[in-house]
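Written out below as structure tokens is the structure these notes cover.
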Amino acid sequence: MRLILLGPPGAGKGTQAQRLVAKHGIVQLSTGDMLRAAVAAGTPVGRQVKDIMDRGDLCPDEIVVSIIAERISQPDAKNGFVLDGFPRTVAQARALERMLHEKGLDLDGVVELKVDEGQLIRRIESRIKQTLARGEPLRKDDDPEVLKTRLDAYRRQTAPLIHHYREKNLLRAVDGMAPMDEVTAAINWIFAKPQPQKTSTKSATAQKTKQKPAKAVGRAKNAKPAPREPAKAPARSAKAGRSRTVAKKPAAGKTAAKAAKRSAKRR
Ligand code: AMP
């Protein structure tokens, strides 16, 4: 499974990525963590990006693309990965597509964590307070001014990816302001494996009726009707379509169905 989590700083990408790692046995690839490690180790890359990161601007595409190219070639990424904080520009997204194409791989989907900016700022301010209360050091970019720059960078450089992935039919949006467990349930629902079809003596019509899962699992109210599987669907849309239309039960049962109803929206 290969996924991207998309959303502004503080949207909860890191937490959700860790949960996906635990559930699917994949690796979390966070460019922010990798860059911070480079800064801490004082590598040439680290020295190059330190000031940029402290200001809250985006690091150069070539740097992050080469970090990711190297990382996804490692054996532990073979099973799949969740990208957290990458790509952040359309150029990075295109570079990722080329990388995956060369390896004969596809993305399974892109989850956009939709958030309200005002609430986000309050969330980050409370995270800062909690970190200080625990006596832990703050990240340099955990600062209201830097946060503004980071949000601005998100709006200008990263938000265009929403359109990019929507066009590719890979985008799924989730309400990132919902409680964490609901967000997790909504993401799990999106990527729930299709249930194997039971072979029985029942008529095809009866089976067809049983297979209509959308209402049963409570698809988002304003979700468009599920598209019919095109005869020649490209691999990635087929995957996304299948998980949306055939998943009979969300992985976590009824709670997830309710959560998904509230939180998952197909855009
Ligand atoms: P994060 O922990 O993902 O919020 O990233 C922290 C900082 O690392 C960002 O504010 C950027 O300066 C830098 N960074 C992380 N990922 C990227 C990326 N994909 N492209 C450019 N800069 C990045």
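The values are calculated or read from the model by the stated rules, or taken from the named source; none is laboratory data. All of these numbers come straight from a predicted model, not from anything done at the bench. Don't worry about glycine lacking a Cβ; one is built from the backbone with ideal geometry, like all the others, and counts go over all protein chains shown. Please note that ligands, DNA and RNA were not included when accessible areas were found on the heavy atoms of the full protein model with its side chains. Shrake-Rupley method; radii C 1.70, N 1.55, O 1.52, S 1.80 Å.
Summary of values
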read-out	value
Selection from the range 124-144 of residues that are within 13 Å of the ligand (Cβ to nearest atom) and either of a type outside the set (Val, Ile, Thr) or without any contact (Cβ under 8 Å) to a residue 40 or more places away in the chain (or both)	ARG127, ARG139, LYS140, ASP141, ASP142, ASP143
Among (1) crowded, with 20+ Cβ neighbours inside 10 Å; (2) near the ligand (Cβ under 10 Å from one of its atoms); (3) under 22 Å from ASP143 (Cβ atoms), the one test that PHE86 misses	(3)
Filter result for ALA93 (surrounded by 12 or more Cβ atoms within 10 Å (Cβ to Cβ), aliphatic (A, V, I, L, M) and over 22 Å from ALA11 (Cβ atoms))	no
Boolean, LEU5 is closer than 23 Å to GLU145 by Cα and within 11 Å of the ligand (Cβ to nearest atom)	no
Single residue of the range 11-48 satisfying the filter (assigned to a strand (DSSP E or B) and within 12 Å of the ligand (Cβ to nearest atom)) that is most open to solvent (accessible area, probe 1.4 Å)	GLN28
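Conditions (1) more than 9 Å from the ligand (Cβ to nearest atom); (2) touching a residue at least 12 places away in the same chain (Cβ under 8 Å); (3) in a strand (DSSP E or B); (4) closer than 29 Å to VAL183 by Cα, marked per residue:
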| position | (1), (2), (3), (4) |
| --- | --- |
| VAL64 | no, yes, no, yes |
| ILE68 | no, yes, no, yes |
| ASN79 | yes, yes, no, yes |
| HIS101 | yes, no, no, no |
| ASP106 | yes, yes, no, yes |
| LEU113 | yes, yes, yes, yes |
